[in-house]
1. Just to verify a result, which residue in segment B:50-95, among those that are at the interface with chain A (Cβ under 7 Å from one of its Cβ atoms), under 22 Å from A:Arg67 (Cβ atoms) and touching a Gly at 6+ places or on another chain (Cβ under 8 Å), is surrounded by the most Cβ atoms within 10 Å (Cβ to Cβ)?
2. Within segment B:101-110, restricting attention to residues that are of a type outside the set (A, V, I, L, M, F, W, C), facing chain A (nearest Cβ under 7 Å) and more than 22 Å from the chain's Cα centre (by Cα), which residue is surrounded by the fewest Cβ atoms within 10 Å (Cβ to Cβ)?
3. Which of the residues that make up segment B:366-391 are touching a residue at least 24 places away in the same chain (Cβ under 8 Å) and either in a strand (DSSP E or B) or under 25 Å from B:Asn62 (Cβ atoms) (or both)?
4. Which of the residues belonging to segment B:231-288 are more than 18 Å from the chain's Cα centre (by Cα) and of a type in the set (Val, Ile, Thr)?
5. From C:Ile74, C:Ile100, grab the single residue that is within 11 Å of the chain's Cα centre (by Cα), part of a strand (DSSP E or B) and touching a residue at least 40 places away in the same chain (Cβ under 8 Å).
6. When you look at B:Ala170, is it over 30 Å from B:Asn381 (Cα atoms) and touching a residue at least 24 places away in the same chain (Cβ under 8 Å), yes or no?
7. Please indicate, with yes or no, whether at least one residue in segment A:419-439 is more than 28 Å from A:Gly263 (Cα to Cα), within 8 Å of chain B (Cβ to nearest Cβ), over 17 Å from the mean Cα position of the chain (by Cα) and at pLDDT 95 or above.
8. From the list B:Ile436, B:Ile407, pick out the single residue that is more than 10 Å from chain A (Cβ to nearest Cβ) and buried (at least 19 other Cβ atoms within 10 Å of the Cβ).
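The values are calculated or read from the model by the stated rules, or taken from the named source; none is laboratory data. This structure is a prediction, so every number in the text was calculated from the model and none was measured. Because the Cβ atoms are built from the backbone with ideal geometry, glycine has one as well, and the counts that use them run over all protein chains shown.
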Amino acid sequence: MTGSMKTISGHRGLMLEEPLIFEQGSPEKTAVDLPAPPSPSGGDRLGPVRRERPIGLPGLSEPEVVRHYLRLSQQNYSIDSGLFPLGSCTMKHNPRLNEKLARLPGLGDLHPLQPASTVQGALRLMHTLAHWLTTLTGLPAVAMSPAAGAHGELVGLMTIRAALEDRGDPRRRVLVPESAHGTNPATAAACGYAVQSVPGDARGRVDLEKLRAALSPDVAAVMVTNPNTCGLFENDVRLIAEAAHEVGAFFYCDGANFNAIVGRVRPGDLGIDCMHLNLHKTFSTPHGGGGPGSGPVVLSAALAPFAPVAFVAEENGRFRLVEHGMHADGKPVGRVKGFHGQFGMFVRALAYMMSMGADGLRQASGDAVLNANYILAELQGTFSAPFAGPCMHEALFDDRFLKDTGVSTLDLAKALIDEGFHPMTVYFPLVVHGAMLVEPTETESKRTLDRFIATMKGLAERALAGDEAFFRESPRLSPRRRLDETRAARKPVLRWRPPAETAPEPMETAGEEVGRAAE
Amino acid sequence: MRYLPLTEDDRRQMLAGIGVESIEDLFRDVPADALLAGPVELPLHADEMAVERAFRAFAAENISPAGVPSFLGGGAYRHHIPASVDHLIQRGEFLTAYTPYQPEIAQGTLQYLFEFQTQVALITGMEVANASLYDGATSCAEAMAMACRLTRRKRVLLSGGLHPHWRSTAETYARFLALDALPLPPSWAGDEHPEERLDADTACVIVQNPDVFGRVHDLAPLAAACQASGTLLVVAVAEVVSLGLITSPGEMGADIVCGEGQSLGNAPSFGGPTVGLMAARERFIRQMPGRLVGETVDEDGRRGFVLTLSTREQHIRREKATSNICTNSGLCALAFTIHLTMLGDAGFRRLAEVNHARACALADRLAAIPGIDVLNKTFFNEFTLRLPKPAEAAVEQMAARGVLGGIPLMRLLPAWTEARSLLLVAATEMNSDDDIEALAVALSEVVA
Amino acid sequence: MPVIRFTQEHEWIRVEDGLGTVGITDYAQQQLGDVVFVELPAVGMAVAKGDPAAVVESVKAASEVYAPVSGEVIAVNEGLADGPELVNAEPLDGGWFMKIRLSDESELAEMMDEEAYQAMLRSLG
């Protein structure tokens, strides 16, 4: 078995083991040369709190640093490496033009508190992006400052609560479909609301009758993801909006899946009052191993006065930042973040949008939906799908086809790793047993999809043929095999600590290090 | 369209395989009249050259701090970023990876986050740190909420020296979480004395060090007072480089540290994205928001890392989660950790010393200008001046002379009338002697 | 003789002299998988029947444990802090969660005895 082959060094060909920086650095070494500072005349101005003790940080030389992080990078799977069909995450290609532009002098190095007269271009850029976002969504206003999708959600609900309180009608409950992403109920709770779950129907959509029954004048908002987490368009979306509006509630749409409809459907035309946009999903800014994101939230005219500071205002072609509620015409909920938003992500997103244009964005959503439906159609005979198509940008399967094989959804995902694909999202949405949510995105070629489909079919055949042991052992070929998460959670080790005085000196090579750690 | 691999022929074949005529047929669940017939009213696709031209035009309308003497701080600092940092974070395997949900093929991200957590714990002097939050201001608000959960109390004291953006972010969160946030007024007299306002309902006191005016504080007495009343001391750190030269919050007795990590590895980028830091006592980890990476072993017994204690988080706990946060600030945390690894203990402390020395030189030079008072007795790399005229006008006039000469405190504290004549200036290792002279000359001219 | 009763949510309670020891059943621990953490109530807390009183966590799930009866929590199993695996190894014994002084023993009458609980499990398949 390749996975168990032992080498002297611990390395295995191009798979290079790398110890922690703390196991290879030394405190006196540095990769940054700085001039010796002159002693300040008249002594330092620190008061009585000058640090006396060393911190204990390891130092490395530049070649060691470069090698360390390069080796770590090689232990990661990424979009640049191959298909990353992680449903609900939209792992589309991240253009490098975006990165280049975000680093231009005069953009990347701008200080957030420069006088407005020295940053007119940056403010115009934000204003331009806002125009694109409001045009694409059909809603009149956008709050640009939220730092990520979940943050946008929070800000959206804050504006809803502020609007309701402003009209003297505070309410207590938010309705969330049971298929919703976990952030929706978490956000509603963080905004001070009680959360009520609404069941889905047999078509994988919100059960409209049950939703209507749950609505009352005590409901502040209905939060619906559309397209939803099952990858389906909520075809009753307008009826949901009407029902919510009838009892005076707002209709919040989780825009995580806007990439499926961008350029083709404007949420404002569907009766939506408020929706966050994940610039790192729909508009190609990098996921970066988990952030930074950016989550502007588009708002109806009723909610716009409550948008948080800071925001850009235009007067006669000149731009200024409104940074305080006392300077705003409306009634901002306050400030939700330092400075004015994830500007570096605004640059990247706008670069992508201008590259794609109105026509390209429309083609992108079309191709994303086409790719997902192609996978759904090709795999449907072998895999079991809980709901009838067409799907939107992602294809959902369940684990009925694995019944009695002893192979689980997780096992199948782990076997995909050995095949060189990142697994799809598994066990989400929670409403489908053993869910497998496949989102190919529009930036995958047919050839890649065909290879993925063939691999998925091959694995399914192997599972159905009863080769349970093969799956139980997967993955074998990755930098690590299955990790013991129970051990990690029972006795959390969240940082490196110096070995106890009596412990042997750290050993020289990675191989020995790893051997030691395994004892 | 360069980002789309499908050809027209591919599309035809795939549509045939699905059994529909056109892509539009796949959108049949959308109400027909909501389906747009053609592109929205925005420009059509553009080539790389055209897009680059447009962005160079945006950039040309701005004054780049790299091109002029620049002394802006106030929670965002211009530091030298070694070339290796930006090179390494742009490796596709880091840049285009997702949250490490499949740890077998995400050890790169997981290991650097484990190293990041350790580095943050070390420089703050705390037992544990998380894998980062959005930014300093939101980290401060999350620390407040965490302290309230831990103490089951609702009253929060926000120091007048806390960055106004952080303060108002905490106030916004407090409003919606039904917490009782009490902002103390900004003051020069040193009469804030939060220790005298503690009571059995006070969950935490949040103080910044160095504070927003640049003053450095010994927080040990406050920590002792907090401990006596069962109140948690939350220390905010807006300039993380200061930790190279100042006693850490942990050594002073902090219970939770929230911070902004932009200064290491990350350009100011007009205020975002940056990287929020959070560190705390180990016994508080189950109430900590955000991602945590832990060490474990794989099936072959080899050391590896995983996301852990996930039951705190929204995807499992839903409305009972510690926070609604799903992401961290991964790539910014990577830039932070690479820069700090490059610096090492010696380099980090040297960097802090250089910053302090530059600020001392600047303070001495500016204090010699008639009419200018340096108000700080203590500072790290940033301090406050009182001008004989409104600082906002002075800053505009200096900008017209090609000098970014600081931040008028009115911009951060518009309701505090005393702020009108106050100017916040910062110096880092990036400021040369020539820069300092240029600021001195510009300031002398505009206040003359 | 102690009386053992079960709830629909797979808690058990063993009552002797008005004092009930509470835990989760073998079926519940199997469904959860490896238990990694147990959050216990404060001693002295008053609980009403059906109140969430503890949380039991596996790597991927967190489940509420409800007070099967009303009363006062008079002890919790401190051993679970360092040994949550006891819930898996000895669910009906060393893996107990808390002891409750019952305020109304008649509540036990509404609960299942062992036979009824086993029958319910069989119906779950």
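1. Per the stated criteria, the residue is B:Phe94.
2. B:Gln102
3. Hits for segment B:366-391 are B:Asn381, B:Glu382, B:Phe383, B:Thr384, B:Leu385, B:Arg386, B:Pro390, B:Ala391.
4. Result: B:Thr231, B:Ile246, B:Thr247, B:Ile285.
5. C:Ile100
6. no
7. No: segment A:419-439 contains no residue that is more than 28 Å from A:Gly263 (Cα to Cα), within 8 Å of chain B (Cβ to nearest Cβ), over 17 Å from the mean Cα position of the chain (by Cα) and at pLDDT 95 or above.
8. B:Ile436
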